[in-house]
Amino acid sequence: MTMSSEKQSTSDTYSYTSVVEAVGVLYNNSNGNGHLSKESASQWLDGFQKSIYSWQICNDILQHNTDLSCCYFAAQTMRSKIKYQFHELPPNTHHDLKASLFSHLNSQSRTSPQVVTQLCLAIADLALQMVQWRNSLQEIIVTLSRDGHLMDNLLEILFVMPEEINNKSLRLGQNRRRELIGEWDQHRLELLDFFASCLSQYESAGNWKLANKLIGTFGQWWSVGVFADNDFVEQHRMDLLLAPFRFIAGSQTATAGSLSPDLAESAHTTAAECLCSAFYAVEAVDLYPTVVPAMVNAALGLEPAYQASVAAEDTSRCISICRVWSDMAQSLTPKLTNEPNVGLGSLRTLDLLLTVVGHPCRELAEYTLSFWYSFAAAVSVSKSKELFQPYMERVVVALVKHCQCASPNSTTGDADQDTTGFHEFRERVTELLEDVLYLVEPERLLCTMFNLLKEFEASSSADWRLTEAVLFILCIIVSEVSSQENEVTPQLLHAVLSLPPDSTPIPLQLTGLTFLGKMAVWVNIHQEFLGAVFPVLLNALSNPELVSASASALGQYCTFCKTQMQSQFAGLLQVAETLPNNSGLKPDAAQELLCGITQVLSRLPDEQQITAGLQRLCDVQVAGLEAALAARIAAGSRSGCSGGSCCGPNAGKANPIPWLDCLATLFREFHPNLSSSSESHPGLPVMRAVWPSIERTLAQYPDCMRVVEHTCRVIRYQVRCLKRSCAPLLPQLADRIMLSYAACPHSCFLYLAGILTDEFGEDSTCQVGLLQLLEAMMGPTLATLESGRGLAQNPDMAEDLFRLCTRFLQRCPGQLLASRALPTIWQLALGSLSAEHRDAVASVTKFLQELLQLGQHNQQHREPVLALLSDSEQGGAALTRVLVHASVLQLSSYSVPDAAEVLHSLLLLDQRTVSDWIGAALLQLPATRPDGLVQATPDQIQHFHRTLANSSDVSDMSRQLQQLARLFK
């Protein structure tokens, strides 16, 4: 590649002049020739960036320093090309590219910081990718440190290099990473000395901006893992190690006066990030006997700075100190749990974090939650549980004040700007408490919270928000309290039941109703309280603000007190029939209530009463569904769904989804105890009655994917509920699926066909019809998946298709193996293995595994499976190649075990042949990139051939494939 400065046309399409013009249109709205719009300019430049001509033209733009917009675009393009298309350049041009980038950096260093940042990123990525550039780190430092005005740029490059080495987009491969880290390890002392020398100079000169940047860069290098304990024996390096603590405490201003507020905040934030990286790097504390004690002592010494920051209401600095303490505690967790109060296991660390949790700012407490999670998990397997129980109890008590809502409406989602953050915080507290309950007896926490509640109520400044916060914590605890607890629980239950509805704030009533719902398990044992709870829940249903919480609680009592609630079934039925008229009822709460009522219904002794009850429950939903269909017709929207017009938040009465979801809930939870004398399923007449409305819904909303999905979900639960009892309706179901899928091929129809196959596939009278359904659906499916980027845009369709095919192999394999569709399905499976969709890949590999296991274990089906594998172009060799290449080059690590299962099944069929296929597939991997980077050596390829071909089990093969993939990613 020749880095020419000549402004000449590089191709008929792209030239220096045309690129500058397009950039002007895009960024500056300049349109000299009037033939380009912003949108067309953006599209044209996108194509230019992907072309090979962009290398030369962008170099020319930077060399001529055309204008700021053009230089930024050129620098950004150069960085992107190096990152994603470095293979386009022949190796003999790499040195020219390196020289050009350094030249551009020197000329642009005093111009736009944005341009310089892109050039720094480009140089860093080039240093990582360019195989011929030996000792790049040392060369970069020597070259750029000669000129004082380039120090900022040097630190920028040094900052991103350790970050970029693990950037998967670069696809460096394990060999190259090891080579680079080996080089860096050789020069680590020089790097530390460089950092220490520069920091000393910057602090002496009062250049806090560069000093701050250097601290950030130093922090980045901890992540690489090249620093050793004895590297910091020298005093100047130890001073460098401890410098971030001075920056956090603010003591670095002693030699140069006060910093500006922005720079001071940046300094302690950057220092905190540096120390968090360092503590994470030294997590194996025993390997750092010098570094860790020094850092821990310095961190503990931040307590006066923290107290001063609290007094000055400097929350930002408090957060920085909190972050350091939390990450220090994470690294010291093994010492704390295994060697408490000994050396690094000093419990002062926990005391400091408890001090932080006690700070009135919720954000500080939230920073400590990650530590408390992991600490609770570690304590649960330690021998010192009793020692730490008081600490965890103090954490829970301290969190109560942070859980109190900030405004009267915050728990209802209104009038509080921080509602989302508040609810997320409460969710995190809930997760923590669930872990704490494994360490501290729920009854002990229950007593603690009850005493705290009495203290709040006895206080002269009692605030209902604190009462609500304690009640929220109790909602988490009571679910785990023993049903034999009879001292505190009844008092709490009585207190909540006694809350006066007219004078109690709504948020407190809402949490009280949630508490009552959580008490359902306990009340099931202490049935004498049910008579007091039931009226309270019924009364709350009449309040639009409380109806959802009350419905959810009532649903829980129906679920856990089924037998006792049978006597109340008539009342429950009336509630279910009247609730849809309540505008405050949320869909989730309605479904939770219906779930509970249906479970009570299923336990009724009389089958006729069961059928009648289910029919009444369904009639309410069908009436709502028919009203939605009528509203859609009245609005003139018989087809078409744009922007969620038929099922979005603004659809109003024309939205059928809430009614469909309620129907699905009813059939999902309907499991009556059928007697041996039952002639038919009590749900069959109801399914027959509901079917016309379901069919009309599919006909009226053919292209609305959400409505179709929710409708198929209803049919799915109906079939799962009735099982083979719904066989009389099977022809109607199959006909509707084929008709709707031919009109609009939504993947949920494939899923529904899989349900039918699972339920009826073993019935010989249904097998031919099911196969006809599959073959009828293959046409629209292939048309979708094989068009353009069909697979990438429709991974759900591939997932559901192969789930359907797997059902055939499990229930009626002979039908599919003899089908004319099998070769097409096989080829589609090979093409779908590299899909960027975890569930789609899992579905394909499950199908292939079932197919291969049929050939291995079932002699009757062995011949058609071997016939597929023996195909010279699309057979076993092709499958092996696709599995190996997808695992190594394309699939995410979590999908590799699925591919390994298929490959291992192949080996079990014919190890010798498959071993040859594996060897051929490995030889076709891009072991050496066009730019000269060796991703896998011949010895490594041979090693993985041996290990893969002789894998003892699936987990071993998966491990080998993942290790091989690391060489290429």
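Odds and ends about this structure:
- Top-ranked residue in the range 937-969 [being surrounded by 15 or more Cβ atoms within 10 Å (Cβ to Cβ) and assigned to a loop (DSSP other than H, G, I, E, B); ranked as nearest to the chain's Cα centre (by Cα)]: Lys969
- Test: residue in the range 284-295 that is part of a helix (DSSP H, G or I), under 25 Å from Glu363 (Cα atoms) and open to solvent by less than 50 Å² (accessible area, probe 1.4 Å): yes
- Some residue of the range 682-696 being over 36 Å from the mean Cα position of the chain (by Cα), under 27 Å from Val620 (Cα atoms) and not in a helix (DSSP H, G or I): yes
- Residues in the range 785-804 that are farther than 19 Å from Leu848 by Cα and either outside any helix (DSSP H, G or I) or open to solvent by less than 30 Å² (accessible area, probe 1.4 Å) (or both): Glu786, Ser787, Gly788, Arg789, Gly790, Asn794.
- In the range 700-722, residue farthest from Ala664 (Cα to Cα) [restricted to those that are surrounded by fewer than 17 Cβ atoms within 10 Å (Cβ to Cβ) and at pLDDT below 95]: Asp703
- Of all residues in the range 761-795 being farther than 14 Å from Leu750 by Cβ and among the β-branched types (Val, Ile, Thr), the one that is nearest to the chain's Cα centre (by Cα): Val768
- Each residue in the range 105-123 was checked for being open to solvent by 10 Å² or more (accessible area, probe 1.4 Å), within 33 Å of the chain's Cα centre (by Cα) and of a type outside the set (S, T, N, Q), and 1 pass.
- Considering residues of the range 482-502 that are of a type in the set (A, V, I, L, M, F, W, C) and open to solvent by less than 20 Å² (accessible area, probe 1.4 Å) only, the residue farthest from Arg426 (Cα to Cα): Val488
- Every condition in (1) of a type outside the set (Phe, Trp, Tyr); (2) in contact with a helix residue (DSSP H, G or I) (Cβ under 9 Å, 6 or more places away or on another chain); (3) surrounded by fewer than 19 Cβ atoms within 10 Å (Cβ to Cβ) is met by Leu756 except one, and the failing one is (3).
- A count restricted to the range 899-921 and to residues that are acidic (Asp, Glu) and open to solvent by less than 40 Å² (accessible area, probe 1.4 Å) stands at 0.
- In the set His94, His87, only one residue is in contact with a Pro (Cβ under 9 Å, 6 or more places away or on another chain) and assigned to a helix (DSSP H, G or I); that residue is His87.
- Selection status of Leu144, within 30 Å of Asp262 (Cα to Cα), crowded, with 20+ Cβ neighbours inside 10 Å and out of contact with any Ser or Thr (no Cβ under 9 Å at 6 or more places or on another chain): yes
- Residues of the range 563-583 classified as exposed (fewer than 15 other Cβ atoms within 10 Å of the Cβ) and not in a helix (DSSP H, G or I), total: 1
- All positions within the range 370-394 that are surrounded by 19 or more Cβ atoms within 10 Å (Cβ to Cβ) and under 28 Å from the mean Cα position of the chain (by Cα): Phe371, Trp372, Phe375, Ala376, Val379
- Flag if Val310 is surrounded by 15 or more Cβ atoms within 10 Å (Cβ to Cβ), farther than 16 Å from Cys361 by Cβ and among the β-branched types (Val, Ile, Thr): no
- Filtered residues of the range 327-346 (kept if more than 16 Å from Ala377 (Cα to Cα), of a type in the set (A, V, I, L, M) and surrounded by 14 or more Cβ atoms within 10 Å (Cβ to Cβ)): Met328, Leu344
- Matching residues in the range 420-443 - criterion: being in contact with an Asp or Glu (Cβ under 7 Å, 6 or more places away or on another chain) and either closer than 15 Å to Val478 by Cα or open to solvent by 70 Å² or more (accessible area, probe 1.4 Å) (or both): Leu437, Val440, Pro442, Glu443
- Positions within the range 181-207 being in contact with a Leu (Cβ under 8 Å, 6 or more places away or on another chain) and surrounded by fewer than 19 Cβ atoms within 10 Å (Cβ to Cβ), in sequence order: Glu183, His187
Listed here are the residues, each with its yes/no results for (1) modelled with pLDDT of 95 or more; (2) within 29 Å of Pro692 (Cβ to Cβ); (3) not aliphatic (A, V, I, L, M).
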{"residue": "Val536", "(1), (2), (3)": "yes, no, no"}
{"residue": "Leu546", "(1), (2), (3)": "yes, no, no"}
{"residue": "Gly571", "(1), (2), (3)": "no, no, yes"}
{"residue": "Gly596", "(1), (2), (3)": "yes, yes, yes"}
{"residue": "Val622", "(1), (2), (3)": "yes, yes, no"}
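- Exactly one residue among Pro289, Pro293 is touching a residue at least 60 places away in the same chain (Cβ under 8 Å) and closer than 17 Å to Ser346 by Cα, and that residue is Pro289.
- Filter pass, Ser136 being within 27 Å of Tyr202 (Cβ to Cβ), open to solvent by less than 30 Å² (accessible area, probe 1.4 Å) and free of Cβ contacts under 8 Å to residues at least 60 places away in the same chain: yes
- Within the range 598-611, not a single residue is polar (S, T, N, Q), at pLDDT below 85 and either surrounded by fewer than 18 Cβ atoms within 10 Å (Cβ to Cβ) or over 37 Å from the mean Cα position of the chain (by Cα) (or both).
The values are calculated or read from the model by the stated rules, or taken from the named source; none is laboratory data. If you're wondering where the values come from, they're calculated on a predicted model, not measured in any experiment. Ideal geometry is used to build each Cβ from the backbone, glycine not excepted, and the neighbour counts take in all protein chains shown. We work out accessible area using only protein heavy atoms, side chains counted, and drop any ligands, DNA or RNA first. Shrake-Rupley method; radii C 1.70, N 1.55, O 1.52, S 1.80 Å.
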